[in-house]
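Working notes, structure below.
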Amino acid sequence: MTEIRTRFAPSPTGYMHLGGLRTALYAYLFAKQRGGKFILRIEDTDQEREVPGAVALIYEDMHKAGLDYDEGPDVGGDFGPYIQSERKDMYRPFAMQLVDSGAAYPCFCTKEELQARRDAVTAAGGQFKYDKHCLHIPKEEAKRRMESGEPYVIRQNIPETGVASFEDLLYGHVETECAILDDNVLIKADGLPTYNFANVIDDHSMQISHVIRGTEYLSSTPKYNLLYEAFGWQPPTYMHLPVVMKDATRKLSKRHGDPTFEDLLEQGYVRDAIINFIALLGWAPKDDREFFTLSELVEGFDTDGLSKSPAIFNTDKLRWFNSEYIKKMSLEDYLNAATPWFDSVLKGKEFDYHRLAELMHGRTEIFSEIPAMIRFLAELPDYAVDLYSHKKMKTNSDLSLTVLKLALTTVEALQDFSEDSLKESLMQLATENEWKTGQVMWPVRVALSGMPSTPGGATEIAYLLGKDETLQRMAIGINFLEQFKSLQQS
RNA sequence: GGCUCCAUGGUCAAGCGGUUAAGACGUCGCCCUCUCAAGGCGAAAUCAGGGGUUCGAUUCCCCUUGGAGCUGCCA
């Protein structure tokens, strides 16, 4: 049995979109599971679309994703070069071979001419298809014009009758009438091949056994098989994958502001959560299992579980995965990951990061949300009196004022400013006055945070803030409530 | 428009002729609780429509509808 070789062949257009990442992931899993090779190839035959630095970004993203390839531009391999622009001289001889056999022909029609004709036909409501005009140029004349330096392209000569087809691992038998197929350009006027040609030559010469790519190629694959036939080559096994959508009608795209892999990482999603989520977007295991590391995916992945229809990228579920992955982190790992986010609002102040990490660990869904959750620690936000009224806590601004005054004295008297002693003394205050716990804790927490909800209760926040700041904020609260009261009475 | 492909709750989806049509996210309710989370328990919610085939269709076939991809000297 021949070796399994799959490849991921992105174009360096500037970013790694999530659909591409998923395609890469499946191609990787497919190869790795069977002890095969996973190859990275850069498809940069369109110099106009190339974005500087994009190639390096692809390497970086692949490594960040953990999708290490066995062969590729930056890691070498026996079938290089792995960048199409560096292979440019390899394509023409193959194209000329097809010209000789009649499976292709040179075409001297200019882009402008063709565009004009295309527009005319389209405007008339018709369907433009190249009319094989240049196929009928006598061979000698064509040869003379090619040698004269006249610009030309090489087109695939598609039979006018019959059908072209292939078997897809996911979609099954796919076929198209040759009559409706256009004579695609194989070699452009600039001498570089189009995707239509390069993918065939490269997949064959790199001995790719399984071509795994997006469905955008599904309907043109029969044409590629015609090329394999013309060369007398064995076509690879194909597997096309549905696109990833942002909603029911639009696919995910950077242009419309949808996040790329890189963006998600920056927003504080963890790599393994993204991979896990992406893997399940279009693939389902035999059982109900949800959590997979990359290596577990290598083991568990199977093509049976793949879905044929497009999946919508659902941020809620990713968020959930992310929070689950964060919960699985050790406290130490969490603290390391969270520290820069803590710093972003607390830097320069003294805070017990370890305790803060304990409080935040189970509450963090996305790292980027940390600052908004803890900013109140750095600075007491403005808040409305209504915050002191809480139905469920059975309290209001009047009671809060009474409680806060007593609580201030209680806290002031504390020698040991630990959470335990804070809690003990405040609970005692409640018992003595026959208040419910919440009737004491709520106003204290509000005075300390100015927030309707906080990561941690009154005593935990008091501890984090420290005694001085705690007393200060309680005093502010008392003042605030007294002002409000006198204002009400007048 | 033409061609190719797809179609189970809001989302990801299991199901591969006979099921009370799984599970997860999300939503809602209850419990727990010094707020919020987390956790526990529970609930609502799906086979796009119409024809066939069959004793029996979510499942097989056809049509309609809806959606996607392709229709470039882009990939």
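At-a-glance table
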| item | result |
| --- | --- |
| Some residue of region A:154-163 being in a loop (DSSP other than H, G, I, E, B) and within 30 Å of A:Gly305 (Cβ to Cβ) | no |
| Subset tally (residues that are among the small types (Gly, Ala, Ser), touching a residue at least 12 places away in the same chain (Cβ under 8 Å) and either in contact with a Lys or Arg (Cβ under 9 Å, 6 or more places away or on another chain) or exposed (fewer than 13 other Cβ atoms within 10 Å of the Cβ) (or both)) for region A:419-455 | 4 |
| Region A:438-455, residues that are in contact with a helix residue (DSSP H, G or I) (Cβ under 7 Å, 6 or more places away or on another chain), near RNA strand B (Cβ under 6 Å from one of its atoms) and not in a loop (DSSP other than H, G, I, E, B) | A:Met441, A:Arg445 |
| Selection from region A:164-174 of residues that are assigned to a strand (DSSP E or B) and either touching a residue at least 60 places away in the same chain (Cβ under 8 Å) or exposed (fewer than 12 other Cβ atoms within 10 Å of the Cβ) (or both) | A:Ala164, A:Ser165, A:Phe166, A:Glu167, A:Asp168, A:Gly172, A:His173 |
| Residues of region A:11-41 satisfying the condition of being farther than 18 Å from A:Thr237 by Cα, of a type outside the set (S, T, N, Q) and out of contact with any strand residue (DSSP E or B) (no Cβ under 7 Å at 6 or more places or on another chain) | A:Gly14, A:Tyr15, A:Met16, A:His17, A:Gly20, A:Leu21 |
| Set A:Phe321, A:Phe376: member being farther than 18 Å from A:Pro455 by Cα, within 13 Å of RNA strand B (Cβ to nearest atom), outside any loop (DSSP other than H, G, I, E, B) and in contact (Cβ under 8 Å) with a residue 40 or more places away in the chain | A:Phe321 |
| Among (1) away from RNA strand B (no atom under 16 Å from the Cβ); (2) under 19 Å from the mean Cα position of the chain (by Cα) - the single one A:Leu25 does not satisfy | (1) |
| Test result for A:Ile83, modelled with pLDDT of 95 or more, of a type outside the set (Asp, Glu) and touching a Ser or Thr at 6+ places or on another chain (Cβ under 8 Å) | no |
| Failed condition for A:Ile212, given (1) within 16 Å of RNA strand B (Cβ to nearest atom); (2) part of a helix (DSSP H, G or I) | (2) |
| Candidates A:Asp316, A:Asp382, filtered to the one that is in a helix (DSSP H, G or I) and surrounded by fewer than 16 Cβ atoms within 10 Å (Cβ to Cβ) | A:Asp316 |
| Top-ranked residue of region A:26-56 - restricted to ones that are among the aliphatic types (A, V, I, L, M) and surrounded by 21 or more Cβ atoms within 10 Å (Cβ to Cβ), ranked as farthest from A:Trp283 (Cα to Cα) | A:Ile42 |
| Filter result for A:Glu358 (in a loop (DSSP other than H, G, I, E, B), without any contact (Cβ under 8 Å) to a residue 60 or more places away in the chain and among the acidic types (Asp, Glu)) | no |
| Failed item in (1) at pLDDT 95 or above; (2) over 30 Å from A:Leu29 (Cβ atoms); (3) out of contact with any strand residue (DSSP E or B) (no Cβ under 9 Å at 6 or more places or on another chain); (4) among the basic types (Lys, Arg), with A:Lys129 passing the rest | (1) |
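The values are calculated or read from the model by the stated rules, or taken from the named source; none is laboratory data. From a predicted model like this one, the values you see are computed outputs, not experimental measurements. A quick note on method: Cβ atoms are made from the backbone with ideal geometry, for glycine too, and the neighbour counts reach across all protein chains shown.
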